[in-house]
Amino acid sequence: MTSMLRKRVAILISGRGSNMAALIEAAKARDYPAEIALVLSNRPDAAGLARARESAIATAVIDHEAFSGDREAFERALDAELVAHRIDLICLAGFMRLLTPWLVTRWSGRMLNIHPALLPQFKGLDTHRRALAAGVKRHGATVHFVVPEMDAGPIVAQAAVPILEGDTEESLAERVLQVEHRIYPQALRLVAEGRATLQSSGEQLGVQQLC
Ligand code: GRF
């Protein structure tokens, strides 16, 4: 086998990091086209940081509170850390900060996010509660390229789950999380292999998938 140059990935988290853990696990496979080179949190107390350290992955904390509202300075610090680790691709995984167009544009086509809903349905927060309230029959998760508009980027992977009678926010969240952990590694693989790319034609953005 010819040697493969694995893409260097940073995972950005704010909390427990179960998607992060799924990506770390997937990247252990010898044929996986990406390695997790950095886990970065905006919160010093994010549980995911300990999990990353247990896996001997480099971690960094850039506490947004230290920047007292200066979003640009926070993002410049974030960007500098990513550059210092020679990062190729970013995976947002429960990263609870909105990013400015400056950072998003800088990493355009190289930044993915996972959202716990079947986009374009239920952008934003509290997706499970809103799906139950809306009475939809199916819910799910989406991995998409990040663009300046929140939860609006072209879709790389999506998976649906049924909503069952008696579901609570928690039971539904648990079912969705199972598929999140499956599709995020798949989507990252597609992007790292260059098989899914962000394309722009005029005003329109889309994903080009090569089989
Ligand atoms: C996931 O539901 C993800 O879709 C959303 O935030 C949650 C993060 O969970 N963006 P975890 O930190 O990966 O466990």
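Data table
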{"item": "Positive-pole candidate from ALA47, ALA192, PRO148, dipole of the chain, charges at beta carbon", "result": "ALA192"}
{"item": "Two-decimal Rg to Rh for the chain - Kirkwood Rh, Cα set", "result": "0.96"}
{"item": "Amide H contacts of ALA152 (H built 1.01 Å from N, under 5 Å, at least 5 apart or other chain)", "result": "VAL147"}
{"item": "Ordering of 160-167, 114-121 by burial proxy (mean other Cβ atoms within 10 Å per residue, highest first)", "result": "114-121, 160-167"}
{"item": "Protection proxy ranking, peptides 42-49, 59-66, average beta carbon neighbours within 10 Å, highest first", "result": "42-49, 59-66"}
{"item": "Translational diffusion of region 39-83, µm² s⁻¹ [Kirkwood Rh, Cα pairs; Stokes-Einstein; 10 °C; 1.306 mPa s]", "result": "144"}
{"item": "Solvent-accessible area per residue for the chain (1.4 angstrom probe, square angstrom)", "result": "51"}
{"item": "Apportionment of accessible area to carbon and sulfur, region 65-134, percent (1.4 Å)", "result": "53"}
{"item": "Placed amide H near SER14: partners under 5 Å, 5+ positions off or other chain", "result": "PHE95, MET96"}
{"item": "Whole-Å distance, taken between Cα centres, linking region 82-96 and region 2-40", "result": "10"}
{"item": "Among LEU188, LEU40, LEU177: highest mean-square fluctuation, GNM of the chain, C-alpha pairs under 10 Å", "result": "LEU177"}
{"item": "More than 16 Å apart - percent of Cα-Cα pairs taken over region 1-74", "result": "51"}
{"item": "Alpha carbon convex hull of region 56-143, volume per residue in cubic angstrom", "result": "134"}
{"item": "Among beta bridges that DSSP assigns inside the chain, antiparallel share in %, nearest 5", "result": "50"}
{"item": "Exposed-loop-free span, longest in the chain, where trypsin sites (Lys or Arg not before Pro) count as exposed if DSSP calls them loop and at most 11 other C-beta atoms lie within 10 Å", "result": "138-211"}
{"item": "Dipole magnitude of the chain, debye to nearest 20 (Cβ charges: Lys/Arg +1, Asp/Glu -1, about Cα centre)", "result": "560"}
{"item": "Candidate lysines - alpha carbon under 26 Å from LYS137, same-chain residues fewer than 8 apart omitted", "result": "LYS123"}
{"item": "Dipole magnitude (debye, nearest 20) for region 31-131, charges at Cβ of Lys, Arg, Asp, Glu", "result": "340"}
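The values are calculated or read from the model by the stated rules, or taken from the named source; none is laboratory data. Treat the numbers as computed from the prediction; the structure is a model and nothing was measured. All Cβ positions, even for glycine, are placed from backbone atoms using ideal geometry, and neighbour counts span all protein chains on display. In case anyone asks, the SASA skips ligands and DNA or RNA and just uses the protein heavy atoms, side chains included. Shrake-Rupley method; radii C 1.70, N 1.55, O 1.52, S 1.80 Å.
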